[in-house]
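Sharing a structure below in structure tokens format, with a few things to ask.
The values are calculated or read from the model by the stated rules, or taken from the named source; none is laboratory data. Just so you know, these numbers come straight off a predicted model, no measurement behind them. All Cβ positions, even for glycine, are placed from backbone atoms using ideal geometry, and neighbour counts span all protein chains on display.
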2 protein chains.
Amino acid sequence: MDNDTFRRHGHQLVDWLADYFEHVGDYPVTPPVTPGEILSHLPDTPPRDGEDMDTILRDYREIILPGMSHWQHPGWFAYFPANNSPPSVLAEILTAGLGAQCMSWITSPAATELEERMMEWLRDMIGLPAHMSGVIQDTASTATLCALLSARERATDFTTNDRGMHAGLTVYASTQTHSSIEKGVRIAGFGKHHLRLVAVDDAYAMNPEALRKAIVEDMERGKKPACVVATLGTTSSMAMDPLEPISAICREYGIWLHVDAAFAGTAAIHPGHRWFMKGVEACDSFVFNPHKWMLTNFDCSAYFVRDPDTLLQTLSMDPEYLKTSADKQVKNYRDWGIQLGRRFRALKLWFVIRSYGVRGIADMVDRHIGMARDFAAWLEADERFELLAPRQLSLVCFRYKQDQLPEEELDRLNRRLLDTINASGKVFMSHTQLGGRFCLRLSVGQATTSEEHLQQAWQIISEAAGAL
Amino acid sequence: MDNDTFRRHGHQLVDWLADYFEHVGDYPVTPPVTPGEILSHLPDTPPRDGEDMDTILRDYREIILPGMSHWQHPGWFAYFPANNSPPSVLAEILTAGLGAQCMSWITSPAATELEERMMEWLRDMIGLPAHMSGVIQDTASTATLCALLSARERATDFTTNDRGMHAGLTVYASTQTHSSIEKGVRIAGFGKHHLRLVAVDDAYAMNPEALRKAIVEDMERGKKPACVVATLGTTSSMAMDPLEPISAICREYGIWLHVDAAFAGTAAIHPGHRWFMKGVEACDSFVFNPHKWMLTNFDCSAYFVRDPDTLLQTLSMDPEYLKTSADKQVKNYRDWGIQLGRRFRALKLWFVIRSYGVRGIADMVDRHIGMARDFAAWLEADERFELLAPRQLSLVCFRYKQDQLPEEELDRLNRRLLDTINASGKVFMSHTQLGGRFCLRLSVGQATTSEEHLQQAWQIISEAAGAL
């Protein structure tokens, strides 16, 4: 493709995206397609000769786009958001065009040093202590795996990397912890049987006394507690594990404390919503995802550690073909994570933080939390609904209720309610289970979601409940 | 940022990129910056209020760009390339703008089904057998980790995920294997002491008899061989481990065979350069990186497995908040890898393959290999140089030589030679060690590298050698 053709289509796509940003609310949030439908429009074999970009872009519009779920739709209330912004997209255009692979300082000095600075900015923005060092990971899954590996090595005097996994290392997290914790426990060789799911309180936050009891029992049985994963903002209900008593227990027994604030971390940018970070200064590692709520398009996960040497000792490799004369003076972020190859992700953080300013991001967080508060109030004022967990930050967990109906029937009705809401095409929500009950989740966080979109969602939910 | 501002800057960046593609050869390949220099231009604290994009883009041009190594420079002959193309960048503009998180079918049906089709295309393009299923990973490091984990689980009847790592599982790879293999062995809990680095022949390819011997010895000592990693195209010298005898040994002892063709895999698109794939039909897993040589910007790694169930049994998690009614009918690629979150990477594969056609990609591969062949011939005709490994595909390994100089002095001279070449700013090469000797690597693969760029590189190398 010659440069003029690139220029022409590039302009065309920028215009198309600008229109898309403006009108994404007009698409159905999730597409009315059945499994295999898109596949049936895609030829079995690749073309032998090149096709022109007009044809390819026509197929993009006619085949791919109608099959996409629109994460940037203002009616997206499902899962946690992955919100986005024009400055982030501008940075990604440059990142894609430069095509730099940022594994080592020498392979992109500015990318490395910008990453270092951006992680300092983020650390200060959310109030992490200054002794933490940061690195960008792709996802919290990967960051958590790094934490588990560091904890594993520290708990075994750095012998597991050499000799292989010891039996009997244990990991602790609440019953509400994210699935990536168990996945990491499996990958790192601890074994699921050595993951203790600690009981929670009525608000689904970890019970520190139950944690202590589990640790003591394990030690009595000859196990070696290696890591506690505390969650700030669980996926199901945004529960906040209490960091102060948990970190005291970790200090007492010399256990690695990893804090998973994948979603909630962004809220700490607003001083008025930072209360849940109390006690964070004692953690060994901490992760939050700017790609969830901080206007930075996926992927971009911020991982902070107290002691980079532990991370480096756990993950660094130094083959001859990667050595450079600058190695002693610089950070080579390839040694800070699982992957060798790395995209230039710091650029979009720089664009986003500068473009919105800390205040712009904090204002957005506050606005989203305010909307969730309003929505929770509407629910509480309507006797057809009940909250299934306290509203925390931007997440509301609720269900339709009806006296004298058995739980099973309520689950069935609420599942139907969710399907009806999502079939509207105007709103997309997801679900979870809390205390064994099917639970609807309204998660506010899309950049363009306004009070009107929230009211529309409430109207759709309310009407769907009325028709049950 | 309003849409008109996005539109204006988007157009500006597209134009800037088009110019960049045209003139990237005018930049020094690696920047003349010292460690910390970029950092000193970046303020310690984030701005409180938003800044306008003109200011941010000015800083990008004045601070960041002068500190970048230019991976798309036609004089990039270092490491393995990470080449790029305008259609790939166009796709990334859309991927960034849509901001979709493609963890599950429901979260982006078209992304899932396009990924499925693209992996079939790639499988067929490089001549992998039809029984292989594919998934896009970020990097080969991650793909290899998936392979090691699958092998670990299969070798322990899928009990390690539950009970934790058993002692005594062993892994085999050649002495020339990539650092990500040892890293994966450490992460997955095998322990580096259980990684056997098998001897190689004169061309640095694995010696199958040495492999068999290592396996038999381990079994006699009560170890359980779990995985052999064969490399097609080692990083140091593009050596090709012989798949046919290796796969016969793996079958005989029931060992998982993972094939790491991260760079070389793309060459198999050209039937005339597919010879090294002989025997691949017996592998359990296979990885190659379209983001290296296939005009697809980083990151995009293609991982293929014979038996997806083993992968799923090893890595899938099914928490309530991710369940959907479509789960039984669809692929949820989140269960095919380490990370839960996933970018929409299939789109750029689709754009690239359609835009160039299979033939366009094969022609590029053939052109690069032809250039490496020419370059090796120039070296062989000049008595000041010697090849340190047979030229394979697009990589030439060589050094300056001088009779009667001790090896140490030759290493020193060649290191100086490399520094002088790279200081030209016109050419960037990297090095390795082969047989204990310092070795220069000329790796051809940049999309825009022409015969003229190669001649220029040769002239710079030749003059630098003359001045030693």
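Just one of the numbered conditions (1) under 23 Å from A:Gln392 (Cβ atoms); (2) surrounded by fewer than 24 Cβ atoms within 10 Å (Cβ to Cβ) is not true of A:Tyr253; which one?
(1)
Please determine, by comparing only the residues of the stretch A:165-182 that are at pLDDT 90 or above and in a loop (DSSP other than H, G, I, E, B), which one is nearest to the chain's Cα centre (by Cα). Even if it seems obvious, please write down each step before you answer.
So in the stretch A:165-182, the residues at pLDDT 90 or above come out as A:170-182.
Applying the additional criterion that residues be in a loop (DSSP other than H, G, I, E, B) yields A:175-178.
Values: A:Thr175: 19, A:Gln176: 15, A:Thr177: 13, A:His178: 10 Å.
Within the stretch A:165-182, the match that is nearest to the chain's Cα centre (by Cα) is A:His178.
Follow-up question, since we're still on this one. Which residues, counting only those in the stretch A:183-197, are under 13 Å from A:Leu149 (Cβ atoms), in a helix (DSSP H, G or I) and touching a strand residue (DSSP E or B) at 6+ places or on another chain (Cβ under 9 Å)?
A:Gly184, A:Val185, A:Arg186
Please determine, by comparing only the residues of the stretch A:57-115 that are assigned to a helix (DSSP H, G or I) and among the small types (Gly, Ala, Ser), which one is farthest from B:Leu17 (Cα to Cα). Give the derivation first.
Taking the stretch A:57-115 and keeping what is assigned to a helix (DSSP H, G or I), we get A:57-67, A:86-98, A:109-115.
Checking the rest, the ones that are also among the small types (Gly, Ala, Ser) come to A:67, A:88, A:91, A:96-97, A:110-111.
On the way: A:Gly67: 30, A:Ser88: 17, A:Ala91: 12, A:Ala96: 10, A:Gly97: 6, A:Ala110: 18, A:Ala111: 18 Å.
If we take residues in the stretch A:57-115 being assigned to a helix (DSSP H, G or I) and among the small types (Gly, Ala, Ser), then A:Gly67 is farthest from B:Leu17 (Cα to Cα).
Just the residues that are surrounded by fewer than 17 Cβ atoms within 10 Å (Cβ to Cβ) and under 28 Å from B:Ile421 (Cβ atoms), please, taken from the stretch B:12-32.
Matches in the stretch B:12-32: B:Asp19, B:Glu22, B:His23, B:Asp26, B:Pro32.
Quick one: how many residues across the stretch A:1-35 are more than 7 Å from every other protein chain (Cβ to nearest Cβ), assigned to a loop (DSSP other than H, G, I, E, B) and within 23 Å of B:Thr112 (Cα to Cα)?
Selection size over the stretch A:1-35: 5.
Table: residues versus (1) surrounded by fewer than 24 Cβ atoms within 10 Å (Cβ to Cβ); (2) in the same structural domain as A:Ala261 (by TED's automatic domain parsing); (3) within 20 Å of A:Glu120 (Cβ to Cβ).
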position: A:Lys292; (1), (2), (3): no, yes, no
position: A:Asn297; (1), (2), (3): no, yes, no
position: A:Ser301; (1), (2), (3): no, yes, yes
position: A:Gln313; (1), (2), (3): yes, yes, no
position: A:Asp318; (1), (2), (3): yes, yes, no
position: A:Asp327; (1), (2), (3): yes, yes, no
position: A:Asp335; (1), (2), (3): yes, yes, yes
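Applying the selection to the stretch A:114-166, what residues are within 7 Å of chain B (Cβ to nearest Cβ), among the β-branched types (Val, Ile, Thr) and without any contact (Cβ under 8 Å) to a residue 60 or more places away in the chain?
A:Thr160
I'd like to know if the stretch B:422-429 contains one or more residues that are in contact with a helix residue (DSSP H, G or I) (Cβ under 8 Å, 6 or more places away or on another chain) and within 24 Å of B:Ala203 (Cβ to Cβ). Steps first, answer last, please.
Going residue by residue through the stretch B:422-429, those that are in contact with a helix residue (DSSP H, G or I) (Cβ under 8 Å, 6 or more places away or on another chain) are B:424, B:426-429.
Remaining after also requiring within 24 Å of B:Ala203 (Cβ to Cβ): B:429.
Scanning the stretch B:422-429, I find at least one residue that is in contact with a helix residue (DSSP H, G or I) (Cβ under 8 Å, 6 or more places away or on another chain) and within 24 Å of B:Ala203 (Cβ to Cβ), so the answer is yes.
Next up: Before we move on, is B:Trp350 more than 8 Å from chain A (Cβ to nearest Cβ), over 30 Å from B:Ser462 (Cβ atoms) and among the hydrophobic types (A, V, I, L, M, F, W, C)? Let's see the steps before the verdict.
On the way: more than 8 Å from chain A (Cβ to nearest Cβ): no; over 30 Å from B:Ser462 (Cβ atoms): yes; among the hydrophobic types (A, V, I, L, M, F, W, C): yes.
For B:Trp350, the condition - more than 8 Å from chain A (Cβ to nearest Cβ), over 30 Å from B:Ser462 (Cβ atoms) and among the hydrophobic types (A, V, I, L, M, F, W, C) - is not met.
Next question, about the same structure. Since B:Leu145 meets every condition but one in (1) closer than 18 Å to B:Gly337 by Cα; (2) at pLDDT 90 or above, which condition does it not meet?
(2)
All but one of (1) buried (at least 16 other Cβ atoms within 10 Å of the Cβ); (2) more than 30 Å from A:Ser85 (Cα to Cα) hold for A:Ala457, so report the exception by its number.
Failed condition: (2).
Next question. Going through the stretch B:198-250 one residue at a time, which ones are in contact with a strand residue (DSSP E or B) (Cβ under 6 Å, 6 or more places away or on another chain) and acidic (Asp, Glu)?
Residues satisfying the conditions are B:Asp218, B:Asp241.
Can you tell me which residues in the stretch B:306-350 are without any contact (Cβ under 8 Å) to a residue 60 or more places away in the chain, in contact with a helix residue (DSSP H, G or I) (Cβ under 7 Å, 6 or more places away or on another chain) and in a loop (DSSP other than H, G, I, E, B)?
Hits for the stretch B:306-350 are B:Ser316, B:Met317, B:Pro319.
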